[in-house]
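S.K.: My questions will all concern the structure given below.
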Amino acid sequence: MIDALYPLARFGLFRLDAEVAHHTSMAALRLAEKTGLLGLLAPTDEFSAPVEVMGLKFPNRVGLAAGLDKEGNTIDALGRLGFGCIEIGTITPRPQAGNPKPRLFRLTDREAIINRMGFNNPGIDVGVANVRLAKSFQGIVGFNIGKNKDTPNENAADDYLACLRKAYPVADYVAVNLSSPNTPGLRDLQGAEASARLLETLKRDQQKLAAEHGKYVPLLFKVAPDLDEPQIRDLSQVFIDGGLDGLIATNTTLDRHQVAGHPRAAEAGGLSGRPVFEKSTATLSLFASNLGPQIPIIGVGGICSLEDAREKLQAGAALVQIYTSFIYQGPKLVHQLARNL
């Protein structure tokens, strides 16, 4: 039922400013969930094909990438749409407004988005409280964490530690965002030495938190698709040596080659959607060949069809996530992937 309704909803939403449409659609989902309407429109029982990754039992291989539910306040509603995993955030220690508007742009004919949101979020305390309020979702909740814009890189570990400690009791896994292009200097943390120091610090705390809470919450890093082969090789060794539990490949790209000539191509920010698929999948494949089976990878970036998702798995991913294609295609794509992967 909801698959048939989405094209009509999109028709209206795409006539709004992209960020206004985002907030409108999320509010509508929460209302439909609260009133019970969403449960009638979107029964989820048929989208269960359990798989175990990182010691976690995922109801299926399809997740929602970070960036859509930044506050973690729409988990139950999004869960009704068939996702086996919902990754919330990025969330920072302190609330921040993000970059000036407008900061979200559709490239509709390319099934793409450019965003320069800048980690707009309510802060870790609100994010944790929101996750605690989720009741019906039986899947995996990932907690994507970042540093505040005004925190210098030399103090970035303090921000990540603050988020890790507060998210740990409610998260099924924690994803460390090192790769957003919209926080100045953040991608410098993807350097091998900086990543090794950060990973060592976080792993030390992870062990303490596991003992304190009686559960082990996997730690993942999220990387950019704009890394070259030597960087991927060096980072892979850092991740193996440091005991990283999982990798998310990839975030958005700064590369505009695939949208050259588009009226929006010059907008600053990260490009996501169909145009990033090849670059993202190539990065995933290189990481997979360097990491081997030791560190599972979540493949994200440009998945717009079942064939795309299968290509991510063939490239070395254990799970996949979508975001931009969900905006363009709606729950129908989630259902197709959940049934067939």
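S.K.: Taking only the range 253-296 into account, find how many residues are over 30 Å from Val51 (Cβ atoms) and surrounded by 22 or more Cβ atoms within 10 Å (Cβ to Cβ). Talk me through it step by step, then tell me what you get.
M.R.: Pass one, the range 253-296, residues over 30 Å from Val51 (Cβ atoms): 254-269.
Going one step further and asking which of them are surrounded by 22 or more Cβ atoms within 10 Å (Cβ to Cβ), we end up with 259.
So the answer is 1.
S.K.: Which numbered condition in (1) closer than 30 Å to Arg106 by Cβ; (2) without any contact (Cβ under 8 Å) to a residue 12 or more places away in the chain is the only one that Ala211 fails?
M.R.: Unmet condition: (1).
S.K.: Which of the residues belonging to the range 18-55 are charged (D, E, K, R) and in contact with a strand residue (DSSP E or B) (Cβ under 8 Å, 6 or more places away or on another chain)? Full working, then the answer.
M.R.: Looking only at the range 18-55, we keep the residues that are charged (D, E, K, R), and these are 19, 30, 33-34, 45-46, 52.
Residues satisfying the conditions are Glu19, Glu52.
S.K.: State whether the residues of the range 265-283 include one that is outside any loop (DSSP other than H, G, I, E, B) and more than 21 Å from Tyr323 (Cα to Cα).
M.R.: Initial filter on the range 265-283 (outside any loop (DSSP other than H, G, I, E, B)): 270-283.
Those still in the list that are more than 21 Å from Tyr323 (Cα to Cα) too: none.
Checked against the condition, which is being outside any loop (DSSP other than H, G, I, E, B) and more than 21 Å from Tyr323 (Cα to Cα), the range 265-283 yields no hits at all.
S.K.: Which residue is farthest from Leu107 (Cα to Cα), if the candidates are limited to the range 298-340 and must be part of a loop (DSSP other than H, G, I, E, B) and in contact with a Leu (Cβ under 7 Å, 6 or more places away or on another chain)?
M.R.: Quick first cut of the range 298-340, residues part of a loop (DSSP other than H, G, I, E, B) only: 301-305, 316-318, 323, 330.
Still in the running and in contact with a Leu (Cβ under 7 Å, 6 or more places away or on another chain): 316-317, 323.
Numbers: Gly316: 29, Ala317: 27, Tyr323: 14 Å.
In this case the residue turns out to be Gly316.
S.K.: Grab the helices (runs of 4 or more DSSP H) fully contained in the range 1-84, keeping just those with 3 or more residues being modelled with pLDDT under 95 and closer than 12 Å to Pro331 by Cα. Working first, answer last.
M.R.: Details: elements: 2-13, 18-35, 37-41, 75-79.
Filter on the range 1-84 gives 2-13.
S.K.: Taking the range 306-341 only, how many residues are closer than 19 Å to Ile2 by Cβ and among the small types (Gly, Ala, Ser)?
M.R.: Residues in the range 306-341 being closer than 19 Å to Ile2 by Cβ and among the small types (Gly, Ala, Ser): 3 in total.
S.K.: Let me ask something else. For residues that are more than 18 Å from the chain's Cα centre (by Cα) and either crowded, with 24+ Cβ neighbours inside 10 Å or among the β-branched types (Val, Ile, Thr) (or both), scanning just the range 82-133, find the one that is farthest from Asp172 (Cα to Cα).
M.R.: Thr108
S.K.: Another question, if that's okay. Which of the residues belonging to the range 28-59 are among the small types (Gly, Ala, Ser) and over 20 Å from the mean Cα position of the chain (by Cα)? Please lay out each step first, then the result.
M.R.: Pass one, the range 28-59, residues among the small types (Gly, Ala, Ser): 28, 32, 36, 39, 42, 48-49, 55.
Ala28, Ala32, Gly36, Gly39, Ala42, Ser48, Ala49 - these are the residues of the range 28-59 that are among the small types (Gly, Ala, Ser) and over 20 Å from the mean Cα position of the chain (by Cα).
S.K.: Filtering the range 134-159 down to residues that are of a type in the set (A, V, I, L, M) and not in a strand (DSSP E or B), which residue is surrounded by the fewest Cβ atoms within 10 Å (Cβ to Cβ)? Lay out the reasoning, then the answer.
M.R.: Going residue by residue through the range 134-159, those that are of a type in the set (A, V, I, L, M) are 134, 140-141, 145, 156-157.
Those left that are additionally not in a strand (DSSP E or B): 134, 156-157.
Numbers: Ala134: 19, Ala156: 24, Ala157: 21.
If we take residues in the range 134-159 being of a type in the set (A, V, I, L, M) and not in a strand (DSSP E or B), then Ala134 is surrounded by the fewest Cβ atoms within 10 Å (Cβ to Cβ).
S.K.: What number of residues in the range 297-324 are buried (at least 24 other Cβ atoms within 10 Å of the Cβ) and closer than 26 Å to Ala18 by Cβ?
M.R.: Within the range 297-324, the subset buried (at least 24 other Cβ atoms within 10 Å of the Cβ) is 297-303, 309, 312, 317, 319-322, 324.
Checking which are closer than 26 Å to Ala18 by Cβ leaves us with 298-303, 309, 312, 320-322, 324.
Counting residues in the range 297-324 that are buried (at least 24 other Cβ atoms within 10 Å of the Cβ) and closer than 26 Å to Ala18 by Cβ gives 12.
S.K.: Condition first: within 15 Å of Tyr160 (Cα to Cα) and more than 20 Å from the chain's Cα centre (by Cα). Now tell me which residues in the range 186-197 satisfy that.
M.R.: Within the range 186-197, Ala194, Ala196, Arg197 qualify.
S.K.: Moving on. Pairs, please: C-beta under 6 Å, at least 6 apart or cross-chain, first residue surrounded by 13 or more Cβ atoms within 10 Å (Cβ to Cβ) and in the range 1-30, second among the aliphatic types (A, V, I, L, M) and at pLDDT below 95?
M.R.: Final answer for the pair search is Ile2/Leu41; Ile2/Ala42.
The values are calculated or read from the model by the stated rules, or taken from the named source; none is laboratory data. Because the structure is predicted, anything quoted here is derived from the model rather than measured. Here the Cβ is made from the backbone with ideal geometry for all residues, glycine too, and neighbour counts use every protein chain on show.
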